[in-house]
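Have a look at the structure below, then the notes.
Readers should treat all values here as calculations from the given coordinates under stated rules, not as data from a laboratory. What you are looking at is a predicted structure, and each value in this text was computed from that prediction instead of being measured. Cβ sites come from the backbone with ideal geometry, for glycine too, and all protein chains shown count toward neighbours.
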Amino acid sequence: MMKRVSFFFLLFLLLFLGACSKKSETEEQIPPSSTAPAIDLPVKTAAPYVNMAPKMPIDPLPAHFLLTNAEGEELNVTLDHDKVTLSAIHKPLVMINLFATWCPPCRAEIPYLTQLQKKHKKELAIIGVLVNDEQNDTQLHTFLKKNKINYFIANAQGNDTLTKQIAKRLGLLENFPNPLSVLYKDGKLYRYYEGAMPIEMMENEI
């Protein structure tokens, strides 16, 4: 009787241990989840920046300017998108040179511009526009004579407005470095140069 009880007890124990072993094996075979459970975290958002400045139009409206030089001669200039029109000048090439008399790179560039205007006077018109430079007619006359300038130099109240319009159309800041030379071919914007432009580069563009 005792042997039979011992046999059944041993058989029960083996079956129990075998079941626990299979459960452990089953748990080990389950692959861990590839994605961690989502955790809700507070999201910080920056306060929106409010720009009160009005939006500029994609295509600026045409702008008209009346330029005058030290001799009292007048020149009407129209900027229309990327085009320029001069009332009294009809040449295939127009270069608007924004400069100041107190600017060393601007002064260094003047002999090259003068030479360029003399050499290509039939097809090129150079228009100098004083920027942030308060020169009366007497002072400007002296400067023109000293530097032997042979092209139109505008010294008018509308210079600053013209300068801002040109900078806006080129995508430049208003405080761009001088000089700035803008070249138009057949009335349309061709290229512009920030800083003094070498004579060789000028020749290649014409």
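Annotation: extensible slack from Ser87 through Glu74 equals 3.7 nm (criterion: 0.36 nm per residue apart, minus Cα-Cα distance).
Each principal axis of the Cα atoms in region 46-202 has its own extent, and those three values, largest first, are 58, 32, 32 angstrom. Size descriptors for region 97-187 (Cα atoms only): Rg and Dmax, in that order, 13.0, 35 Å. Multiplying the residue separation of Asn147 and Leu66 by 0.36 nm and subtracting their alpha-carbon distance yields 26.7 nm. Fully extending the segment from Thr161 to Leu173 would add 3.0 nm, taking 0.36 nm per residue of separation and subtracting the current Cα-Cα distance.
Filter the GluC sites (Glu not before Pro) in region 82-175 to those in DSSP coil with at most 14 other Cβ atoms within 10 Å of their Cβ, and list the result.
Working: sites: Glu109, Glu123, Glu134, Glu174; in loops: Glu123, Glu134, Glu174.
Listed in order of number, the matching sites are Glu123, Glu134, Glu174.
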